[in-house]
Amino acid sequence: MRVLLVEDDLQIGQSLMRALKDADYAVDWVRDGVTGREAMSAADYTVVLLDIGLPGMSGIELLRAARAGGNPVPVLILTARDDLDSRIEGLDIGADDYLLKPFEVGELLARMRAVLRRKAGYAVSRLGDDTLSLNLDQRTLTFGDKAGVLSAREFALMHALLEHPGTILSRAQIEDKLYGWGKEVESNAVDVLIHSVRKKFGQSVIRNVRGLGWTVLLGDSGKG
């Protein structure tokens, strides 16, 4: 899954980059509000981690502009400002959660998972239904009578597809969701990834729509 980190503090930014990559997230990091706004407009992120005190354009201004422009990406504010008014303002203009610095990485990751499952409309850390489900905490996929642990890329792929089941994602859209800036993406990387998931769970776990891309269908165990 692809994360945008908007944080001007070098030490905090480097620390979060390492922690997020260790947790198998693809991360793009920018250090000012203007560049953050451009990044949010240009790429399809799973979640944005946003500092408030940014040069050029504050995090509050960035968030307000994003929501005014109709960008629905989940945003988790990271800030040292602990006054009530700042928290209320951030949440009222569209932040999905608020985390005060300093914080433990474990709590950040848990809050990210909570934001993502709320976005998907689930009370528990799961996407899908009884026939096809992705456990966000354990990173396991269940399809029909098959279950198994996914690699980081496999998990990111299935998360992207299960966020909007029935929606067809093109190769370019999948690459955009899975890989950060500066990543060399092989021309057949998506095909290899899909083949890997199908090898574990069966050909019909991911459906190909000729000439358009790939999708997943719920309520279908693949036996029909």
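Rule-based calculations on the coordinates, nothing more; no lab input. Keep in mind that this is a model prediction, so the values were computed, not measured. Cβ placement follows ideal geometry from the backbone for every residue including glycine, while neighbour counts extend to all protein chains displayed.
Data overview
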| quantity | calculated |
| --- | --- |
| The stretch 126-215: relative contact order as a whole-number percent, Cα under 8 Å and 6+ apart | 25 percent |
| Only Lys, Arg (+1) and Asp, Glu (-1) charged, at Cβ; the chain dipole about Cα centre in debye | 960 debye |
| Segment E175-N188, length gained on full extension (0.36 nm per residue, minus Cα span) | 3.6 nm |
| Distance between modelled label sites at E38 and Q11, nm, 7 Å Cα→Cβ extension | 2.9 nm |
| Charge dipole (debye, nearest 20) of the stretch 142-194; +1 at Cβ of Lys and Arg, -1 at Cβ of Asp and Glu | 80 debye |
| Loop GluC sites (Glu not before Pro), the stretch 72-126 (other Cβ atoms within 10 Å of the site Cβ: 15 or fewer; DSSP) | E104 |
| Per-pair calculated FRET efficiency, R0 = 22 Å: L218 and I168 via Cβ, rounded to 0.05 | 0.90 |
| The chain: relative contact order as a whole-number percent, Cα under 8 Å and 6+ apart | 17 percent |
| Computed E for S58/K199 - FRET, C-beta separation, R0 30 angstrom, nearest 0.05 | 0.05 |
| Rounded to 10°, Cα long-axis angle of helix 105-120 versus longest principal axis of the chain | 60 degrees |
| Length-normalised contact order of the stretch 34-124 in % [C-alpha pairs under 8 Å, at least 6 apart] | 26 percent |
| Extension gain, R207 back to V149 (0.36 nm per residue minus Cα-Cα distance, nm) | 18.9 nm |
| R113-L91 pseudo-label distance in nm [points 7 Å out on the Cα-to-Cβ vector] | 2.3 nm |
| Positive dipole terminus of the stretch 2-120, leading residue within V48, Q11, G90 (C-beta point charges) | V48 |
